[in-house]
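One structure below.
The values are calculated or read from the model by the stated rules, or taken from the named source; none is laboratory data. As the structure is a computational prediction, the values presented were derived from the model and not from experiment. FYI the Cβ positions are ideal-geometry reconstructions off the backbone, even for glycines, and counts take in every protein chain you see. Quick note on the areas: whole protein, heavy atoms, side chains included, nothing else; ligands and nucleic acids left out. Shrake-Rupley method; radii C 1.70, N 1.55, O 1.52, S 1.80 Å.
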Amino acid sequence: FCFLRGFDAEEDLVGSLASMSSNERIKAIQKMPKTMRQKREIRNKVLKEITKKSRHRGAQCTQGVAVSFQRFGNTLSECFQQLQPWHKTLKIIGAEFGTSVLSYFVFLKWLLNLNIFSFLINFGFITIPQFLAAEPNNLSFTGLELLTGAGYFQQTVLYYGFYTNATISTVENGPSYNMQLAYIFTVGIYFVISFLILLFSMARFFSRNFVKLTKAFSVNASKLLCTWDFNITNEKAVKLQQKNLLTQIKEDLTEVNKEVLNFSVKERVGRIATHLLAWVVSLATAVAASTGVYFLSINNLELFMKGYSNDLQRQTAMLVLPVIVSLLNTLIPFFFSWLGHLEKFQTPGQHIYVTIIRNTILKMSIVGILCYYWLNIVATSESQCWETLVGQDIYRLVLVDFIFCLLGSFFGEFLRRIIGTTVCVSLGPPEFDIGRNVLDLIYAQTLTWIGILFSPLLPGIQMIAFLIVFFVKKVSLMRNCQPPRKVWRTAQMTTSFIFLLFCPSFLGVLSVIGVTVWRLKPSEECGPFRGLPSMYASVDEWIQILESYTVSKWVVWIYHNLISSELFFFIISTVVLIVIYLYWQIIQARKTMTKLLRNQILN
């Protein structure tokens, strides 16, 4: 009798849920105090019931199809979520090492998704059409091209010089594809979309981590008493959730129990002098490294233009510049980390942020020197296709930097663990260096953005590199590193990473791309813009053609009155600044209101 009664109750529940709308039904199932498996079973029964009813209604036959698609979509999304390589990894890292280390892997995953998007756009609109007009490659493949990017790859879709300047048409008198416009518009629209993605990502993380992150007085009690998810029944998931909750409470308690150290006047003067000396040394190191890269690059170009007695010497000479640059970018950050330990910051956050700023100055200085070398020396050299030379340089820099990143995990973490656990036990296993690893990612992404114009498939190479780095860093972290000795919360760190990627990196790349497109003269014998005074001249020629067609007058009007008008962009910038100011005032008013309400709660 109890079984029949329970069966009837379940039938009634399924019937009532089937009569609801889709949104109401989802909310009702979510609020049920049942496990995830039971909720899925109830959802499937409801969908079957809806399908059964829809079969008896001729007018509502489409609902059954919609329900079937909904079931298929739900199943597909669950499978896709389980197939994601970082789905479980990020939870384990957050539980074992805290949010500070987790922020690095979240940032790496974000960059990986960005490069997948970039690769799909370039491959779809630039590379695939070029395959239709490609000529056979008569060069032989030796294997060294994988390291140097020269030789066989020079006559492939990997580089700018291989792309045609003709209009591609597969059928005579049929639709055609203008490679010049496709190339410049694809790159331009990609950078516009990337700009918006970075802007909205910064706004989203800022809103989540700065605006909505309020200090509740009972936050630790609520986490201890109210945040356990009773839907979790798997033993491993329970232990992982316990570790995650424990780490969060430790981080919150660290912020509550901050020690305010009172230093004497002598100690303060000594600390200030130490910080100033460290900054002078770090800036001098960055200047010296940039100067060395400049003279090495000029010497390398002179040797390259003179030629070599055999191909092996030529291939080896190509790797000198990227190897030296990668050595500087790998060794100097270790020196900066050592300087940070000598300064003895009060919190790990101060140490990480100072190290990040110093590494940013170093890497952006080196990238700036390389951009000056490419745009002012290589572009004016006697090379037949200087764009391909720049693309090869960037390819080698990206590849060698990836190799050094893997070597850094071996020597900086694996060997350091061996030394700390066997030779010098007092050192112990190393901690994960967030500042150095994050700047490696920003540097690699900066090179990829610069290289998109000269090597359209470079985001695909960087995509594979980031995927390998994700798993290598994960394994190295789990096996070689220990959790931070001082647990601390880093809710704002991901926002800072994206801001660094946007401000020095992306804006600097935009200036480099702008100079290349508007100011520099393309090569006469290669690439889609051969014979033009500048790459942007292809757009001017297209607009002149459109002026003869009445149907396209609106495109010409938009170009002359909006895109080419400084006044339009001035008005847009003014409106954006006004909106930012208004939102800033709203945020300040909400903070004041929150403070008043908190005082009322205390009273």
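Annotation: per residue accessible area for region 464-603 equals 63 Å², rounded to a whole number [probe 1.4 Å, protein chains only]. Pairs from the list K91/K363; K88/K473; K27/K52 with a Cα-Cα gap above 24 Å: K91/K363. Calculated from the alpha-carbon coordinates, region 84-141 shows an Rg and a Dmax of 19.1, 54 Å respectively.
Hey, can you rank 373-381, 343-351, 554-562, 525-533 by average C-beta count inside 10 Å, highest first?
Details: 373-381: 16.7, 343-351: 15.0, 554-562: 12.8, 525-533: 18.3.
Highest mean packing first, the order is 525-533, 373-381, 343-351, 554-562.
Taken per residue, the accessible surface of region 309-400 reaches 39 Å², heavy atoms only and a 1.4 Å probe.
With the simple spin-label model, which puts each label point 7 Å out from Cα in the Cβ direction, the V192 to A133 separation comes to 2.3 nm. Coupling constants for region 397-413 follow from the phi torsions by the Karplus curve (6.51 cos²θ - 1.76 cosθ + 1.60, θ = phi - 60°), and in residue order they are 4, 5, 5, 5, 4, 4, 5, 5, 5, 5, 5, x, 5, 6, 6, x, 10 Hz; glycine and proline get x. In order along region 177-188, the Karplus-derived 3J(HN,Hα) couplings, from 6.51 cos²θ - 1.76 cosθ + 1.60 at θ = phi - 60°, round to 10, 7, 5, 4, 5, 4, 5, 6, 6, 5, 5, x Hz, and Gly and Pro are given as x. Across region 327-447, the mean sequence separation of Cα contacts (distance under 8 Å, 6 or more residues apart), normalised by length, yields a relative contact order of 34 percent. Each label was represented as a point 7 Å from its Cα along the Cα-to-Cβ direction; for Y581 and T35 these points are 5.9 nm apart.
Sorted on the mean count of surrounding Cβ atoms within 10 Å across their residues, most packed first, peptides 148-160, 284-296 read 148-160, 284-296. Couplings for region 327-333, taken from phi via the Karplus curve 6.51 cos²θ - 1.76 cosθ + 1.60 with θ = phi - 60°, read 4, 4, 5, 8, 7, 5, x Hz in order; Gly and Pro are left as x. Judged by the mean number of other Cβ atoms found within 10 Å, the most tightly packed of the peptides 89-99, 387-397 leads the ranking 387-397, 89-99.
Taking 0.36 nm per residue of separation and subtracting the current Cα-Cα distance, fully stretching the chain between Y536 and E24 would add 179.0 nm.
Relative to the present Cα-Cα distance, how much length would full extension add between I168 and N299 at 0.36 nm per residue of separation?
Values: separation 131, 0.36 × 131 = 47.16 nm, distance 4.04 nm.
43.1 nm is the gain from fully extending I168 to N299.
With the simple spin-label model, which puts each label point 7 Å out from Cα in the Cβ direction, the W338 to A237 separation comes to 4.8 nm.
Were the residues from L276 through I601 laid out at 0.36 nm apart, the gain over their Cα-Cα distance would be 112.5 nm.
Assuming R0 = 60 Å, can you tell me the calculated FRET efficiency for the pair F141 and T550, based on Cβ-Cβ distance, to the nearest 0.05?
Numbers: r = 52 Å, r/R0 = 0.87.
Once the sixth-power term is evaluated, E becomes 0.70.
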